[in-house]
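The values are calculated or read from the model by the stated rules, or taken from the named source; none is laboratory data. All values derive from a computational prediction rather than experimental measurement. Reconstructed Cβ throughout: ideal geometry from the backbone, glycine too, with neighbour counts over all protein chains shown. Side chains are part of the model used for accessible areas, which takes the heavy atoms of the whole protein and leaves out ligands, DNA and RNA. Shrake-Rupley method; radii C 1.70, N 1.55, O 1.52, S 1.80 Å.
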Amino acid sequence: MSGQSDLFSNPAPKVPALVASKIEALRDQLNQWAHEYYVQDAPSVPDAEYDRVFQQLQALEGAYPELVTPDSPTQRVIGAVMEGLASVRHAVPMLSIQTETDTEASGAQGFDARVRRELGLSDADPAVEYVAEPKFDGLAMSLRYEGGRLVQAATRGDGEVGEDVTHNIRTIRQIPLVLPADVPPVLEVRGEVYMRRADFEALNERQREKGEKTFVNPRNAAAGAVRQLDSGITAQRPLSFFAYGLGEVTPADAGGPDFGTHYALLQRLKSWGFPVAPQVCIAQGASELVAFHQRLGAERDALPYDIDGVVYKVNRLALQRQLGFKTREPRWAVAHKYPAQEMMTRCEAIDVQVGRTGKLTPVARLAPVFVGGVTVTNATLHNLFEIRKKSVRVGDTVIVRRAGDVIPEVVGCVPAATDDAGRPLARRPYVANFRMPRACPVCGSSVVREPGEMNHRCSGGLFCPAQRKQAMLHFAQRRALDVEGLGEKLVDQLIDGGVVHSLADLYRLDLARLAGLERMGEKSARNLLDELEKSKHTTLARFLYGLGIRQVGEATAKDLARHFGALDAIMDAGVEQLLQVSDVGPVVAESIHTFFAQPHNREVVQQLRACGLTWEEGAPAEPAAQPLAGKTVVLTGTLPNLSRDAAKALLEAAGAKVAGSVSRKTYCVIAGAEAGSKLDKARELGVPVLDEAGMHGLLRGDR
Ligand code: IVH
């Protein structure tokens, strides 16, 4: 436009320079975070913070559309191909879904209203049918099958080009390598690779024990595992998969299946052997979407994996086609979020807590923050080495995670803002690094750390009131002696006031003494005494578990009780005898043996018995009661009806030890589809091979 026409026409309002530079800054920030997240698998801020800045940018771009550029983070799916993994161009782009960040019911209502408007429906028209699904917090994967065989697995990347991770995806047990005969010649199945919470916790525990880097959350652990160059590493990081859609399917017209609805498509995927989330359901109209959002929200903590929201999809595929797409997102789907499970807050102080086994746990005291549905003020930092690795110091902004029933933890630190040269923008007062105390903060005993151990411990044992308190709470808990009403506050009073010193003292409490305690009163005192009286009749397994022997959880306590039948037999058992118990390995056996070798522990047991604690004792378990006792069995391949975990559990319940490799000592191999080298080895060694039906026979004791 010439300068002259500017003089005569109405010039567009000038964009303030400030807005342009703000937009630039937001884009840079988002690109930086996206790089950390997608390329480095090491995000420095929680998702909620990314979302907040993303929305800020969206709002500014909405107000100044002339500033929108094709390469803005709002205009494309960010991601990059890492060196070392080959690129894959997706035959059908992998789309993203629009996110409804309004976590209230209105999020679902807004989506339904948009769909109805775009379909030209009036209030008189019937409800639109949707499919409601969990929004898995993992990473999107496209699995390509040709002639029914898995030929390629690719990450989403930027939506057009992803990374070839076939070698790693093949290690995921839930993903079929071969499909039934009725699948189309070319079939791309799309879904989410994720890590179950329990697998994630166990992985981090192993990493911690080895002194290696821990993962921030299951999604990052999964992303890291998927993008390994060495699939051996992936295989050690158990991944899972849920299918939720299709990519390319050919022939698309004539031979291609017409599923009619998204729900039918999911059912078909299930019949082809893909895991489909059990919560997936059909919902009529907004009200049922809202109900689903609420129902799954209530179940969220108890799910075995992380979800960060739900996804709604228009069910009829014809309507999906009619609605079409808006640049990067389909108009027929939306993600409706839940409150974030990771948030940022300030670390106000770092204290040290002493646990039941004397372990010293550094705990961050936090500025209160709402995360995972509750207000959190304390979060574990695990141990000294974790603090060092995450370089957390008092005054830092930290990322707190609370997911499921897992106690809140500090998973990372947000680096201080820096200028282009990497200099901190704001000076902050010098804060010394955290140090483990040399003496127990509770009893003053010296703090020790065994060579090769990550944890510091108080050496005071039951002399340490903190350990005594925890031991007492453990003893009284529901799964142990089940003394209702003996909670933290009361135990604090009892021990700090010198009212009780040992577990047995609990059974020597009298009404007057109890009723005189703070916030007690005669009624509660009487109730507690009744509870204590009731707890005297218990089971051997509960009693054993209640003793709080290191390494002896509930399951092991049950195994021990079943195996030996009587307490004296356990107390006098040598390590060799203890090793005969199913699931008891050298570390556990050693721990039990050491525990009962200590005279003061025997004394505790003796006193409790003298106070009248009783349980039924029996003869040692008949080995014949378990058809596979003492036998080693190997599982390989995918069984038609049972997951690996389920098969393993059944075999173990029958007394078998399930091993990972075949040897001459293997009793038999149970093989499913796609069994590989283990099957070959079994044949080579002449070890019997059974299928799933054969396994059931074995469990019934047919062999
Ligand atoms: S459908 C065209 N369904 O969310 C829609 N995606 O931003 C394609 N995700 O990258 C996706 N759970 O990784 C779909 N039940 C679900 C999902 C889901 C999680 C992820 C997926 C995708 C992202 C969309």
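From the list 171, 234, the lone residue that is surrounded by 15 or more Cβ atoms within 10 Å (Cβ to Cβ), under 30 Å from residue 381 (Cβ atoms) and out of contact with any strand residue (DSSP E or B) (no Cβ under 8 Å at 6 or more places or on another chain) is 234. Cβ-Cβ distances below 7 Å connect the following pairs, each with a first residue in segment 251-265 that is under 18 Å from residue 312 (Cβ atoms), a second residue that is at pLDDT 60 or above and assigned to a loop (DSSP other than H, G, I, E, B), and a separation of six or more residues or different chains: 261/315; 262/315; 263/315; 265/259. Among the residues that make up segment 630-646, is at least one of them open to solvent by less than 70 Å² (accessible area, probe 1.4 Å), within 30 Å of residue 505 (Cβ to Cβ) and touching a helix residue (DSSP H, G or I) at 6+ places or on another chain (Cβ under 6 Å)? No: segment 630-646 contains no residue that is open to solvent by less than 70 Å² (accessible area, probe 1.4 Å), within 30 Å of residue 505 (Cβ to Cβ) and touching a helix residue (DSSP H, G or I) at 6+ places or on another chain (Cβ under 6 Å).
Can you confirm whether residue 263 is farther than 24 Å from residue 673 by Cα, within 16 Å of the ligand (Cβ to nearest atom) and either open to solvent by 30 Å² or more (accessible area, probe 1.4 Å) or of a type outside the set (Gly, Ala, Ser) (or both)? Yes, satisfied. Looking only at segment 129-139, decide whether some residue is more than 16 Å from the ligand (Cβ to nearest atom) and either open to solvent by less than 50 Å² (accessible area, probe 1.4 Å) or over 30 Å from residue 89 (Cα atoms) (or both). There is at least one residue in segment 129-139 that is more than 16 Å from the ligand (Cβ to nearest atom) and either open to solvent by less than 50 Å² (accessible area, probe 1.4 Å) or over 30 Å from residue 89 (Cα atoms) (or both).
Yes/no per residue for (1) out of contact with any Lys or Arg (no Cβ under 9 Å at 6 or more places or on another chain); (2) free of Cβ contacts under 8 Å to residues at least 24 places away in the same chain:
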site: 465; (1), (2): yes, no
site: 469; (1), (2): no, no
site: 474; (1), (2): no, no
site: 479; (1), (2): no, no
site: 507; (1), (2): no, no
site: 513; (1), (2): yes, yes
site: 521; (1), (2): yes, yes
site: 532; (1), (2): yes, no
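Taken as a whole, segment 662-672 holds no residue that is closer than 18 Å to residue 638 by Cβ and either in a helix (DSSP H, G or I) or open to solvent by 50 Å² or more (accessible area, probe 1.4 Å) (or both). Summed over segment 318-333, residues that are within 11 Å of the ligand (Cβ to nearest atom) and under 17 Å from residue 260 (Cα atoms) total 3. The requirement of being more than 19 Å from the chain's Cα centre (by Cα) and among the aromatic types (Phe, Trp, Tyr) is fulfilled nowhere in segment 229-241; no residue meets it. Only a single criterion out of (1) at pLDDT below 95; (2) open to solvent by 60 Å² or more (accessible area, probe 1.4 Å) is not satisfied by residue 74, namely (2).
Quick check on residue 81: is it at pLDDT below 90, more than 16 Å from the ligand (Cβ to nearest atom) and β-branched (Val, Ile, Thr)? Here the answer is yes, as residue 81 does meet what is asked. Residue pairs whose Cβ atoms lie under 8 Å apart, sitting 6 or more positions apart in sequence or on different chains, and linking a residue in segment 14-25 that is within 14 Å of residue 59 (Cα to Cα) and open to solvent by less than 70 Å² (accessible area, probe 1.4 Å) to a partner that is charged (D, E, K, R) and at pLDDT 85 or above, are 23/61.
Within segment 185-200, the set of residues being part of a strand (DSSP E or B) and away from the ligand (no atom under 15 Å from the Cβ) comprises 186, 187.
A count restricted to segment 362-384 and to residues that are open to solvent by less than 30 Å² (accessible area, probe 1.4 Å) and in a strand (DSSP E or B) stands at 10. Identify all residues within segment 271-294 that are buried (at least 17 other Cβ atoms within 10 Å of the Cβ), closer than 20 Å to residue 107 by Cα and within 15 Å of the ligand (Cβ to nearest atom); write none if there are none. Across segment 271-294, the qualifying residues are 280, 283, 289, 292, 293. Can you tell me which residue within segment 98-117, out of those that are assigned to a loop (DSSP other than H, G, I, E, B) and open to solvent by 50 Å² or more (accessible area, probe 1.4 Å), is modelled with the lowest pLDDT? Among those residues, the one meeting the criterion is 101. Tally the residues that are touching a Lys or Arg at 6+ places or on another chain (Cβ under 9 Å) and among the basic types (Lys, Arg), restricting the search to segment 313-336. Selection size over segment 313-336: 2. Scanning segment 434-464 for residues that are among the β-branched types (Val, Ile, Thr) and either under 17 Å from residue 350 (Cα atoms) or at pLDDT below 90 (or both) returns a single hit, 442.
Looking only at residues in segment 555-611 that are of a type in the set (Asp, Glu) and at pLDDT 90 or above, the one that is least open to solvent (accessible area, probe 1.4 Å) is 559. Once segment 140-156 is narrowed to residues that are within 20 Å of residue 90 (Cβ to Cβ) and open to solvent by less than 20 Å² (accessible area, probe 1.4 Å), the residue that is nearest to the ligand (Cβ to nearest atom) is 141.
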